[in-house]
Amino acid sequence: RVTDGSWNRALPGERLMLEGSNSRFSAEPDDPQLAQRLAAGDVHPGGVLWGRGEPDSSGEVRSLELATVEQWPLLARGLEEKGLEQARRSLRFHVGDLHWARSDGRTLCVEFRLPPGVYATTVLRELYTGTETGE
């Protein structure tokens with residue numbers, strides 16, 4: 001969804017996640033209040049973490065998730081066989097208290113806060129990618 005640019009908007013069948021919680025709900029993507037809540041960062045699209053069971057998404061999102069899993073059948077089956085249950089994570093998050101400084105000509109020191117379950121390597125990858133593209 002990063003590649004196609006849909007990571008930050010609701011698609012048909014989306015399971016949205018409330019900021020700062022694991023609460024999720026379905027909503028119609030053409031709801032004007034939903035667009036405002038997405039823009040404000042109050043809710044976020046949620047992506048499936050594969051495991052046993054069926055995705056709780058529907059429509060376009062469910063098709064997208066199942067097509068992705070079909071590309072990696074051994075991985076999907078392995079997760080299921082190890083007993084993992086399906087879950088969801090927000091596709092986006094807020095980076096808090098971001099500070100950076102160069103300590104010398106080659107070293108960049110970065111500090112930030114993340115919500116539980118978010119990997120710092122994700123933030124660092126995006127920062128690095130942005131520097132390569134000049135963003």
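Throughout, read-outs are computed from the coordinates displayed, never taken from laboratory work. What you are looking at is a predicted structure, and each value in this text was computed from that prediction instead of being measured. Note: ideal-geometry Cβ built from the backbone for every residue, glycine included; neighbour counts use all protein chains shown.
Each residue of the stretch 39-48 was assigned a 3J(HN,Hα) from its phi angle through the Karplus curve 6.51 cos²θ - 1.76 cosθ + 1.60 (θ = phi - 60°); the sequence is 5, 7, x, 6, 9, 9, x, x, x, 6 Hz, with glycine and proline shown as x.
Applied to the stretch 114-129, the Karplus parametrisation 6.51 cos²θ - 1.76 cosθ + 1.60 on θ = phi - 60° returns per-residue 3J(HN,Hα) values of 10, x, x, x, 9, 8, 4, 4, 5, 5, 4, 4, 5, 5, 5, 4 Hz, with x for Gly and Pro. Site-free segments of the chain were taken between trypsin sites (Lys or Arg not before Pro) in DSSP loops having at most 10 other Cβ atoms within 10 Å, sites themselves excluded; the longest one is 1-81. Note: relative contact order over the stretch 48-135, using C-alpha pairs below 8 Å and six or more positions apart, is 26 percent. Across the stretch 2-9, computed HN-Hα scalar couplings (Karplus, 6.51 cos²θ - 1.76 cosθ + 1.60, θ = phi - 60°) run 5, 4, 8, x, 9, 5, 10, 9 Hz from first to last residue, x flagging Gly and Pro.
Taking chymotrypsin sites (Phe, Trp or Tyr not before Pro) as exposed when their DSSP state is a loop state and no more than 15 other Cβ atoms lie within 10 Å, the longest site-free interval of the chain runs over 8-118. For residue 88, the residues whose modelled amide H falls within less than 5 Å of its own, excluding neighbours fewer than 5 places apart on the same chain, are 49. When only alpha carbons are used to place a centre, the stretch 2-46 and the stretch 47-69 end up 16 Å from one another. Once Kirkwood radius over Cα pairs in Å is worked out from the coordinates, which option in [x] 16.8; [y] 15.7; [z] 14.7 does it equal? Read-out from the structure maps to [x].
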